[in-house]
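Below is one structure, written out as structure tokens; the observations come after it.
Computed from the coordinates by the stated procedures, all read-outs in this text should not be read as laboratory data. All of these numbers come straight from a predicted model, not from anything done at the bench. Here the Cβ is made from the backbone with ideal geometry for all residues, glycine too, and neighbour counts use every protein chain on show.
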Amino acid sequence: MKSQVVAILETRTGALLAELIARRGATPMLAPALEEVPDIDPQAVLALLQQWRTNPFNMVIFQTGVGTRALFQMTDSLGSTAEMLRLLEPAVIVVRGPKPVGELKARQVRIDIRAASPFTTDMVLEAVAAIALEQARVLVQRYGAANRQLCDALEARGAAVQEIATYRWALPADTKPLERLLDALVSARVDAVVFTSAIQVQNLHTVAANMNLADRLADLMNGLVVASIGPVCSKALMLRGVKPTFEADPPKLGPLVAGLFDALRAR
């Protein structure tokens, strides 16, 4: 495995993923493709709480751990956390995956519904399918972009949906590691590429377009091992003409790394 180079586009846990890959004998190439930029407006949070007092939300959906943490950090700074906890108490609390769970437990927030693996929007909708939503008010903690699929589906069932922004996804300020990855793809110096989110696919394509490589990107990757963390990521790859070699099941780092090395050995 020592001669095999594995490109990693993950940012937050990229170093951990690189360590896991290096321990198994491959050479990690870190090329962060995503930056999480804080995007939480204190005035928006205050306005939300004011509205919540008189027009309560019947359901609150927490989608990500980092967004849940950011929301509570903002209410901490505003001195409003105790009030938000009181407002959350009568609502149905839904979590998209395991990451918001720890943040909510740390605040002693009761969790009523947990979406099943692989923690997609479809799984969230399935988890709340039995809850009456006609004329219900639903608050959605937004992740890096608006989740139109989730909001549209809830509104189609009669709910009034409101999102609260906590952070947004952006290209990293330094795109040189991505540019080096693209150069390595062109010169056939990469054996595998690991994707852990759909936005990484989009951002890699953006940088490729800036380098006049967008039209070649799918061909450059389709001969490699392309590892996908889950179905949303796989769909983003396929929309760009890239066929994932495998999809982690469940969508966690352990199965992702195991699947990666199984696929590398099978080449």
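How far, in nm, would the chain grow between residue 116 and residue 155 when pulled straight, counting 0.36 nm per residue and subtracting the alpha carbon separation? Present the calculation step by step, with values, prior to reporting the outcome.
Numbers: separation 39, 0.36 × 39 = 14.04 nm, distance 2.16 nm.
Residue separation times 0.36 nm, minus the Cα-Cα distance, leaves 11.9 nm.
In segment 1-95, which trypsin sites (Lys or Arg not before Pro) fall in coil by DSSP and have 11 or fewer other Cβ atoms within 10 Å?
Working: sites: 2, 12, 23, 24, 53, 69, 86; in loops: 2, 12, 24.
Within segment 1-95, the qualifying trypsin sites (Lys or Arg not before Pro) (loop, at most 11 other Cβ atoms within 10 Å) are 2.
Normalising by the residue count of the chain, find the relative contact order in percent from Cα pairs under 8 Å and 6+ residues apart. Walk me through the numbers on the way to the answer.
Details: 470 pairs, mean separation 53.9, N = 267.
About 20 percent, as a whole number.
Note down the magnitude of the dipole of the chain about its Cα centre, charges +1 on Lys and Arg C-beta and -1 on Asp and Glu C-beta and zero elsewhere, to the nearest 20 debye.
Charge dipole, the chain, about its Cα centre: 540 debye, nearest 20.
Using only the alpha-carbon atoms, how far is helix 65-78 inclined from the longest principal axis of the chain? Give it as 0 to 90 degrees, nearest 10.
The answer is roughly 40 degrees.
Calculated FRET efficiency, residue 132 and residue 85, Cβ-Cβ r, R0 25 Å, to nearest 0.05? Numbers along the way, then the final one.
Details: r = 25 Å, r/R0 = 0.99.
The calculated FRET efficiency here is 0.50.
Considering the options 181, 26, 202, tell which one lies farthest towards the positive end of the dipole of the chain, charges being +1 on Lys and Arg and -1 on Asp and Glu at the Cβ, about the Cα centre.
So the residue we want is 26.
Going by C-beta contacts inside 10 Å, put 260, 46 in order with the fewest on the left. Intermediate values should be presented prior to the final figure.
Working: 260 26, 46 14.
Listed from fewest to most nearby Cβ atoms, that is 46, 260.
For segment 156-267, what class follows from the C-alpha gyration tensor (a ≥ b ≥ c being the square roots of its eigenvalues): rounded when a/c is under 1.5, otherwise prolate if a/b is larger than b/c, else oblate? It would help to have the intermediate numbers written out before the result.
Details: a/c = 2.04, a/b = 1.30, b/c = 1.58.
It is oblate, given that a/c is not under 1.5 and a/b is not larger than b/c.
Please give the charge dipole size of segment 37-169, origin at the Cα centre, charges +1 on K and R Cβ atoms and -1 on D and E Cβ atoms. Round to the nearest 20 debye. Kindly include the intermediate steps, with their values, before the conclusion.
Numbers: 14 positive and 13 negative charges, 54 e Å.
Dipole size: approximately 260 debye.
In deg cm²/dmol and to the nearest 500, what is the mean residue ellipticity at 222 nm of the chain if only DSSP H runs of at least 4 residues count, each as -39500 (n - 2.57), divided by the residue total? If you can, show how the numbers build up before the last one.
Values: 12 runs with 125 residues, N = 267.
Dividing the helical sum by the residues of the chain leaves -14000 deg cm²/dmol.
Net charge near residue 17: determine it from the other residues with C-beta under 14 Å of the C-beta of residue 17, scoring Lys and Arg +1 and Asp and Glu -1.
Details: positive: 12, 23, 24, 252; negative: 10, 19.
Local net charge: +2.
Remind me, relative contact order of segment 137-267 in percent, using alpha carbon pairs under 8 angstrom and six or more residues apart? List each step's numbers first, then the result.
Numbers: 160 pairs, mean separation 23.6, N = 131.
Reported as a whole number, the value is 18 percent.
Out of every Cα-Cα pair in the chain, what percent are more than 32 Å apart? Kindly include the intermediate steps, with their values, before the conclusion.
Working: 10856 of 35511 pairs.
Pairs farther apart than 32 Å: 31 percent.
Give, as ranges by residue number, the residues of segment 89-117 whose backbone N falls under 12 Å from the point 7 Å along Cα→Cβ of residue 123.
Under 12 Å, as judged by backbone N against the label point of residue 123, lie 95-100, 114-117 of segment 89-117.
When a/c is below 1.5 the answer is rounded, else prolate if a/b is larger than b/c, else oblate, so apply that to segment 37-169 with a ≥ b ≥ c taken from the square roots of the Cα gyration tensor eigenvalues.
Numbers: a/c = 1.42, a/b = 1.25, b/c = 1.13.
Note, shape of segment 37-169 comes out rounded.
Which length gain, in nm to one decimal place, applies between residue 253 and residue 46 when the Cα-Cα distance is subtracted from 0.36 nm times their residue separation? Before the final figure, lay out each step's value.
Working: separation 207, 0.36 × 207 = 74.52 nm, distance 3.69 nm.
Computed gain between residue 253 and residue 46 is 70.8 nm.
Taking only pairs that are 8 or more places apart or on different chains, how many Lys pairs in the chain have Cα atoms under 26 angstrom apart?
Summing the qualifying lysine pairs gives 10.
Tell me, how many Å apart are the Cα centres for segment 138-161 and for segment 4-21?
Computed from Cα coordinates, the inter-centre distance equals 32 Å.
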